[in-house]
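Visitor: My structure is below; once you've seen it, I'll send some questions.
The values are calculated or read from the model by the stated rules, or taken from the named source; none is laboratory data. Quick caveat, the model's predicted, so the values are computed rather than measured. Every residue, glycine as well, gets a Cβ built from its backbone with ideal geometry; the counts of neighbours run over all protein chains shown.
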Amino acid sequence: MKDAMRQTKHKYLKYGFHHFKISPKEKLTNEQLRETINKLAQEYKFNPEDITLIEHTKKRADTTASDKHYHLIVPHYQPTQCKALDTKNGFS
């Protein structure tokens, strides 16, 4: 994440990284999580090897939902493409 912030300053960009929260209803297998990340990578055009993934366990309001969720941190600047992350399909 520090590298992402350094790239932001070096490339005069506004953002250092983007945060995606993956909150599944059911517990994901490692393969399902990998598939989810790869689908996000295809949609937003980032390299899945450049991410930071944090697994977080917390009781959910919906007690039938999995207590595990994930925080996916993606650098805004994509060095393999030499441009910023494509967020045209994103929303706030």
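Visitor: Please state which one of ASP62, ASP86 is part of a loop (DSSP other than H, G, I, E, B) and modelled with pLDDT of 85 or more.
Guide: Details: ASP86 fails: modelled with pLDDT of 85 or more.
ASP62 is the lone residue from the list that is part of a loop (DSSP other than H, G, I, E, B) and modelled with pLDDT of 85 or more.
Visitor: Next up: Scanning for something of a type outside the set (D, E, K, R), modelled with pLDDT under 90 and closer than 25 Å to LEU85 by Cα, does segment 30-45 turn up at least one residue?
Guide: Looking through segment 30-45, at least one residue is of a type outside the set (D, E, K, R), modelled with pLDDT under 90 and closer than 25 Å to LEU85 by Cα.
Visitor: Pull up segment 54-70, narrow it to residues that are farther than 15 Å from THR36 by Cβ and of a type in the set (D, E, K, R), then point me to the one that is surrounded by the most Cβ atoms within 10 Å (Cβ to Cβ).
Guide: ARG60
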